[in-house]
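Undergrad: Below you'll find the structure I mean.
What follows is calculated from the coordinates using simple rules that are stated; it is not laboratory data. Computed from a predicted model, the values in this text were never measured in an experiment. A quick note on method: Cβ atoms are made from the backbone with ideal geometry, for glycine too, and the neighbour counts reach across all protein chains shown.
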Amino acid sequence: MDAPAFTFRPIGTVRSPYLKRMDAPHQATVVAGTESGVPAEATLELDPALPETVLRDLEGFERLWLIFVFHASEGWVPLVQPPRGPRGKRGVLATRSPHRPNAIGLSCVELVAVEGHTLHLRGVDLLDGTPVLDVKPYVPYADAFPGARAGWIDAVDAATGAHSAPGPKKSSRPATS
């Protein structure tokens, strides 16, 4: 039986300092190796067709989940090489690779301010121009599971330190003097 197809329209677009994948951190909270070494500031510009009332009551939240499209992804493969841990391929669904059967991503970012149709954000790992499908508030009692197991990543954390991740390999921006 064929699965139904779904069509989504972005509700907004991220404007970030990251122009290419190699510029962005692998995870929003790991910024070592980025050009600035600090969490990036960005904006999410909502579609002007949406009423501003969709943002009502959002200002009290510290963090947001962004559900987005890996718009620069060029297809997917079933096995990928993660940037952390021992060399060897892993099933794509056991990783956070952007090369997925459906190029959909999830990122938890800090909400700095709400201004009209614009959300000011910090700690993004999204490329400039990333289409956002939805925004949901981060709710600690429902979204945080500090003692949860993390599969093969637990062994990597034990060997290299929790939350370690490589930064970008090199900047694609010209060096400034």
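Undergrad: Which order do peptides 75-88, 122-135 fall in by mean Cβ count within 10 Å, highest first?
TA: For the peptides 75-88, 122-135, the packing ranking is 122-135, 75-88.
Undergrad: Can you give me the relative contact order of the stretch 12-160 as a percent, contacts being Cα pairs under 8 Å and 6 or more apart?
TA: Averaging sequence separation for qualifying contacts and normalising by length gives 35 percent for the stretch 12-160.
Undergrad: Let me ask you something else. Answer with one residue from Phe145, Val124, Phe61: the one whose Cα lies farthest towards the positive end of the charge dipole of the stretch 12-160, charges on Cβ with Lys, Arg +1 and Asp, Glu -1.
TA: About the Cα centre, the residue reaching furthest to the positive side is Phe145.
Undergrad: Can you quote the Å³ per residue value for the convex hull of the Cα atoms in the stretch 12-160, rounded to an integer?
TA: Convex hull of Cα atoms, per residue: 126 Å³.
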